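Q: Dropping a structure here in structure tokens format, bear with me for questions.
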Amino acid sequence: MVLTDFDLVLFGGSGDLSMRKLLPAMHARDVANDLPANARIICVGRQVYARQDFLHTVEHMSGQHIKSTLTPESWARFSARLVYVSLNATEADSYGPLAEALRPDPALIRVYYLATPPHLFARICDNLAANELVTPNSRVVLEKPLGRDLASAKQINAEVGKVFAESQIYRIDHYLGKETVQNLLALRFGNILFEPLWRREWISDVQITIAEKIGVGNRMGYYDTSGALRDMLQNHLLQLLCIVAMEPPTSIAPDAVRDAKLQVLRSLKKFTPVTLARNIVRGQYRAGHVDGVAVPSYRDEADAPEHSRTETFVALKAEIDTWRWAGVPFYLRTGKRMADSLAEIVVRFKTIPHSIFSQSTSSFQPNCLVIRLQPDEGLRMNLMAKTPGDGMRLKPAELELDFRESFKAARMDAYERLLLDVLRGQLTLFMRSDELEAAWEWVEPILNYWEQDDSMPIPYMAGTWGPAAASALIGRDGLQWREEALPED
């Protein structure tokens, strides 16, 4: 779909997200000739900049994150689109410069991207309305975290909803913009092969992991009040679970897909006092080595509270009460300072019921479909195959689809895709208000349980796969995390 003319307004336009992700993404789309000739990007911030000083800052800070070729020609074209406006987003009477910068054409698409702390969302929306800057063609993009709990999420939805209709609100989760997530939809609903097997009769378990080697870095002020559950599990991991587990939607239309995801969230088995204690592991990294480099404990990071109880690791077992998935465990896991940086979904099938070979069924590895989101996007199918030579001896083998090798087209970053979808008015990859609230409703009992429990998170050494309790969690069901089940070389 060809883009029509637009003004993209980035609140937090001189901040980290804009410089690292949003402006490089828009530069890449400009290089790809996706942007209309008169499209503009208006960066809003409190700091006062002369135009040339701001452009120099963008070139310096965003340039190192621009994946497409940064040439004098591409920079000249892109920088001509940039406008900087200084204002205090919390004060309605300071929005005059923004009103002057926006073009008055009522047919023009206006996108307000709120790359700000969530406590500013309602104030900014109110101030835009007070200054009559919200048109029928306006859209607003909300960055996570979308609340700290169910009550705050409902409050954000209600307050933003006073100014923007639900069809104008884009709650962004950049994991849904990744190429492999799109291919998961294609794999499930564009092929007949897996659909008959995509159910409890054939699938043993599903594992979803988002692991990071990095620590908290310079985000301690945010992270220590958030933790891994709010930062990663409530949004990214649950959204991935929804796409794996949802029933086939009637079409790829936004509400058809989001209805199907919502049904998964509402079908998640509620936690009980027993399962809260038994099926959830929280950890916090201690000093260790990552890639051979010594790294400090979480509590020794800069600005860390001395006795912080914030979790940097979460693993849990979830179950979905539907005919398709009843009895199939879904294991979700995320953590910082892990042994590897990866995001992957592992769908493990049941073992064969009987071996016709001299090997027992216990020596057969179950077939696994591994969907790798990062760092190397692709699909891998683990099968049993005959070894070369005399005799009939089977061992694990892999069928692999590497997206970079199979599709030579240039890769599109998640933010590139999602920004294009916002500009096109395509809501499929964005959360609806009832989705957000259903996710918080399921997660909130965990937060309440931890709040009442005065124990500390389980320590784990940096550079490992987390606390041993996470292995025990899955081990109680006679299973292993994928890296534990891999054959030794």
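The values are calculated or read from the model by the stated rules, or taken from the named source; none is laboratory data. Small disclaimer: the values here were computed from a predicted structure and weren't measured. Virtual Cβ from ideal backbone geometry, glycine too; neighbours counted across all protein chains shown. Accessible surface is based on the protein model in full, side chains and every heavy atom, while ligands, DNA and RNA are left aside. Shrake-Rupley method; radii C 1.70, N 1.55, O 1.52, S 1.80 Å.
Q: Limited to the range 358-394, what total is found for residues that are among the charged types (D, E, K, R), free of Cβ contacts under 8 Å to residues at least 60 places away in the same chain and within 29 Å of R188 (Cα to Cα)?
A: 3
Q: Select from the range 290-315 the residues that are farther than 26 Å from L473 by Cα, part of a strand (DSSP E or B) and in contact (Cβ under 8 Å) with a residue 12 or more places away in the chain and list them in ascending order.
A: V295
Q: Go through the residues of the range 50-57 one by one and say whether even a single one is touching a Ser or Thr at 6+ places or on another chain (Cβ under 9 Å) and open to solvent by 30 Å² or more (accessible area, probe 1.4 Å).
A: no
Q: Okay, moving on. Looking at (1) closer than 30 Å to L369 by Cβ; (2) modelled with pLDDT of 95 or more, which is the only condition I156 fails?
A: With respect to (1) closer than 30 Å to L369 by Cβ; (2) modelled with pLDDT of 95 or more, I156 is out only on (1).
Q: Determine which single condition R29 fails, assuming it passes every other condition in (1) open to solvent by less than 20 Å² (accessible area, probe 1.4 Å); (2) under 26 Å from the mean Cα position of the chain (by Cα).
A: Exception for R29: condition (1).
Q: Can you pull out the residues in the range 340-365 that are open to solvent by less than 40 Å² (accessible area, probe 1.4 Å) and of a type outside the set (D, E)?
A: L342, A343, I345, V346, V347, R348, F349, S355, Q359, F364
Q: Mind listing whichever residues of the range 78-101 are surrounded by 15 or more Cβ atoms within 10 Å (Cβ to Cβ), of a type outside the set (K, R) and part of a loop (DSSP other than H, G, I, E, B)?
A: Across the range 78-101, the qualifying residues are L87, A89, Y95.
Q: Out of everything in the range 1-26 that is open to solvent by less than 70 Å² (accessible area, probe 1.4 Å) and assigned to a loop (DSSP other than H, G, I, E, B), what residue ends up being nearest to R424 (Cα to Cα)?
A: L3
Q: Just checking, how many residues over the range 178-193 are in contact with a helix residue (DSSP H, G or I) (Cβ under 9 Å, 6 or more places away or on another chain) and either of a type in the set (S, T, N, Q) or in contact (Cβ under 8 Å) with a residue 40 or more places away in the chain (or both)?
A: Count: 10.
A quick yes/no check of all residues on (1) buried (at least 16 other Cβ atoms within 10 Å of the Cβ); (2) not in a loop (DSSP other than H, G, I, E, B):
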| site | (1), (2) |
| --- | --- |
| R372 | yes, yes |
| D390 | no, no |
| E400 | no, yes |
| D454 | no, no |
| G466 | yes, no |
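Q: Okay, next question. Quick one: how many residues across the range 59-74 are over 27 Å from L146 (Cα atoms), under 31 Å from the mean Cα position of the chain (by Cα) and either open to solvent by 60 Å² or more (accessible area, probe 1.4 Å) or in contact (Cβ under 8 Å) with a residue 40 or more places away in the chain (or both)?
A: Final tally of qualifying residues: 9.
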